[in-house]
Amino acid sequence: MGHQDYTMTPAPLPVHAFTEEEYLEFHKILSLEKFIPYSTAVLRAIMSDIETTHAFAVSPTETRIINHPSSCFVIGRSGTGKTTTMLFKLLGIEQAAHSSKYRQVFLTQSHVLAQRVQEYYEQLARAAELSHGTGHEDGHPGPVEQDLLHLDEEADDRSDLPKCFSNLADKHFPLFVTFDQVRRMLENDLNLSFSKHRTALRRQATRKMITEGGGISTLGINDHVNDDAEATASMVTVGRDNYVTFESFHRNYWPHIDQRLTKGLDPSLVYSEIMGVISGHEDTTKTEDGFLDRASYVSLSARAHSQFSTQRHRVYDIFEKYRKMKHGYGEYDSPDRTHAILRKLQQGISAKIDFLYVDEVQDLLTVDTKLLRELCANPRGLFWGGDTAQTISVGSSFRFEDLKALIWREERNDPLVKKGVREAVPSEVFELLVNYRSHGGIVDCAASLINLISSLFPYSIDKLQKECAVVSGPKPRIFRSDLVHFEEFLCDVGDTRMDFGARQVIIVRDDGAREELRRQLGDAGLILTLIESKGLEFDDVLLHDFFRSSPATATQWRVIATKSCDPIKHRVIESELKRLYVAVTRARHHCWIWDSSELAQPMINFWVTQNLVQVQDPSEDIPQLATQSTPEEWNTTGRYLFAKTLYVQAASCFAKANRDHDRRIAEAYQIRKEARVTNDILSFKEAGTAFSACASTAQGETAQGLYTRAAECFLQARETSLAADNYKAASEFTKAVQLYRKVGQFEDVASLLRPPDHSISLVDPGVADDMLDVVRMQFLRTDDIVRAGELFDTTDELLEYMDSWGFDTARKSVLKKLGNFASAAELHLRDGETLEAAECFTNLLIQAINNGQFPASSEDCGLKLSIMISLMRPRYCTRSSRPCLQDLFPMLLVQRRAFLRQSHTEICVIWLTSQGNMCPQTGFLPPYALTRFYELHFICKQVH
């Protein structure tokens, strides 16, 4: 991009030069503020009062990365500038391309991050246009707070992107997407599907059968279940309840594995080993099943994979049990998806990527990186960025050394390289060592933990250079709880109780420790577990009783002092040091360690000898740690935690921010999160009800999104009708109409296909056409002619449809309602329905008489009627025919010509029968009717 070295990394300020508050202010100015070089674009924006974003000055190392002409690895902690260098490099290539169009993809694990990076890129691109005089100097609105649902990591469906990867066009680039989005597009391209269509009840029944020792089904990832659940479950956006995460592994698998295998093992480490090594190792791509067999796994290098080097048979036994249960549950995991794509990708795919930028690569499996390498054919177009802090966290099996080796082997094995068409292109490795987010006090303490891990367990992490900070700062402070009461932290002047602020957090080991602390302090602030805190950052962090709750013994902790380490015997210390590193590096300004256990002493002594921490002296005043926060700050933290799926904590923040609606949304997400782990139908229904209630008080896209989530939860709860109602409320009419049809609510189907207000139906035309036939058939089968008729444009279309499908009964009814008695009578006569035909002829005659006409056709009708009546006996004159005959009698007397062949007696019998005075079965008149009979007979004679 031609960046100059506008800035140099300043040396840390002397330790005792300033107060703690002054250090933090310097840190804010020198590290967090961005310095923008003077340029035409900046001047133009200022003069035109345009709010835009400009490329800021970067360090010399960042400049070298941006200008590097080939593929590279960029290693650095969060806050060292990895994402910045990626984005500036991408922007530089776009600007250098001019009329050419490169296909550049920025890929990350978080759709929220991808969205923010895209927004930042668009702002930078707009500023670049202004500098060249090609941009419009119109006002640009400042940042607007996004709707809460946009922070949902699962809301990553992009309506602006095609379903298939091969359908990506030049207009879609540069593309900012998640790895999961790329996989979904590839799956659509390759016609891949997974077992997402198991009902929750079926999975629970299978689990019961497995845990009770019964047999299990060996369903594969491409099998389908041909039941009603398949059609409805396929409408759920992602089917994530079938996807194995660590949470579901821990709750649904781990307890059902033989305790003789799991005793003493950390489930997060085993999960990581299964995903990252047994199923995610590079060599798994050479196997048919997508995982290492026992012999291959056991023979892996202990140096490269030291985690379970002496317990591999035991871990593999756990894997086999896990795999068997997974197929029985009809579930799948991340390696399953990637292996399925890789197998089919050998058939080839048309779309390729010119430049690929992978952020947070440590969150991918080795097989995932192989897949991405296949998508980018440019050997100089790969940019891999990773976070060193994440690679050493517990549960991570990723090593940059493995990635570098894989990419180099893939490059050497490239067909063009093998044929001598081009030479293999090596990838440069860059380390970003300046941490702009934390000051020297925290960075130095964290670096000491890395050094300790490297010295005690030399093959467990990547070899990294020492990280440094721009500004010195306060050292982590240690409080021994036998000398200081914890509640003193929360007291202001005058012993007034204060809660921890929005930018502060208390970190504990697990849920049990959190509940215990909550009982002591109440809702004193944010309390996160170590696992939850991974990837988060706060101004101030208090690590509470980390050592007291440690699974390591005092003897094992003493290895910190003795340095006499057995990698197997002291494996728990490796995990503990990694956990400690994660906790310390969550802090930007202050790190406080509060502990009551003697187990902490070896670690404290290690830090004290290096002057890296400050131990609180009993004679010193207790610093007030708790700070006050505004509702706006609590809202910001709540949104930050919501995006990280920490919904309980987010709800607490929203409550403090007086944002009740956001609180209720977060609580609904938490109910759904728990339901997905337990697969409990009632919990899914509760979640659906909560989402629907939130939607009822929301508007616009927010309401639609909440109704959609409610519908998905109701589907999982098998409340299909409620799911349809919520899809309808979300304006997802196609899904709604399909579900209404499934539960037989045909009135609702009809109202969506042909809206009562005569507006255009918004149901997908392909679905609407098929569904229209179904509803028409249903209404005609049930003789609901009125509703059926509303689904046709004309009556002729309705009659033709009924004629085509053999709906003769309904057709006769429609003809009668239309007054076409002649056609109806002919159909009745064809079917041998003499009485019904007589009624039709009667109505036709009445119709003609009412119109004041008695043409030949009506005379013919009357003749036919008289003949039919002569052939019928009184017993055929049923109750249903009486009204017609009753209406006809006076007219028969007037229209004498039509009944010359009809005897007076028969006419009288017809009338009396229609009045209920003659028994239709016997034909006898009761005594009281005889007088009436003779009167009628006399009248008839007079008429004739």
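The values are calculated or read from the model by the stated rules, or taken from the named source; none is laboratory data. Computed from a predicted model, the values in this text were never measured in an experiment. Cβ placement follows ideal geometry from the backbone for every residue including glycine, while neighbour counts extend to all protein chains displayed. We work out accessible area using only protein heavy atoms, side chains counted, and drop any ligands, DNA or RNA first. Shrake-Rupley method; radii C 1.70, N 1.55, O 1.52, S 1.80 Å.
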ask   = Per 5 Å bin, what percent of the C-alpha pairs of region 601-696 does each bin hold, from zero upward?
value = 3, 13, 14, 13, 11, 7, 9, 10, 8, 6, 5, 1, 0
ask   = What do you get for Rg/Rh over region 501-629 if you use C-alpha atoms and the Kirkwood form of Rh?
value = 0.97
Gain upon complete extension [residue 818, residue 767; 0.36 nm per residue less C-alpha separation] = 15.2 nm
query = Quick one: ranking 382, 300 by accessible area, 1.4 Å probe, largest first, what do you get?
reply = 300, 382
inquiry  = Please report the spacing between the Cα centers of region 269-287 and region 59-92 in Å, no decimals.
reply    = 30 Å
Mean Cα-pair separation over length for region 638-785, i.e. relative contact order, pairs under 8 Å, 6 or more apart, % = 12 percent
inquiry  = Counting only other residues whose beta carbon sits under 10 Å from that of residue 344, what net charge do I get with K and R as +1, D and E as -1?
reply    = -1
key: Area accessible to solvent at residue 308, 1.4 Å probe radius, in Å²   = 10 Å²
request  = Give the relative contact order (percent, whole number) for region 600-696; include only Cα pairs under 8 Å separated by 6+ residues.
outcome  = 17 percent
key: Directionally averaged projected area (convex hull, Cα atoms, region 598-648), nm²   = 6.7 nm²
ask   = Gap in Å between the Cα centre of region 425-473 and the Cα centre of region 526-584?
value = 18 Å
Residue 243 accessible area, 1.4 Å probe, all protein chains in place, Å² to nearest 10 = 60 Å²
task = Working with all protein chains in place, sort 696, 823 by solvent-accessible area computed with a 1.4 Å probe, largest first.
result = 696, 823
Order by protection proxy (mean Cβ within 10 Å, highest first), peptides 372-379, 729-736 = 729-736, 372-379
note = Taking N as the residue count of region 678-791, its alpha carbon Rg divided by 2.2 N^0.38 Å gives 1.14
note = extent check for region 548-617: Cα max minus min per principal axis, descending, whole Å, gives 36, 23, 22
message = Rounded to the nearest 10 Å², what accessible area does residue 116 have for a 1.4 Å probe in the complete protein model?
response = 120 Å²
query = Per residue, how many Å² of accessible area does region 680-740 show with a 1.4 Å probe?
reply = 36 Å²
request  = For an R0 of 60 angstrom, estimate the FRET efficiency from the Cβ-Cβ distance between residue 564 and residue 701 and round to the nearest 0.05.
outcome  = 0.45
ask   = Of 795, 338, which has the most accessible area with a 1.4 Å probe, and how do the rest follow in descending order?
value = 795, 338
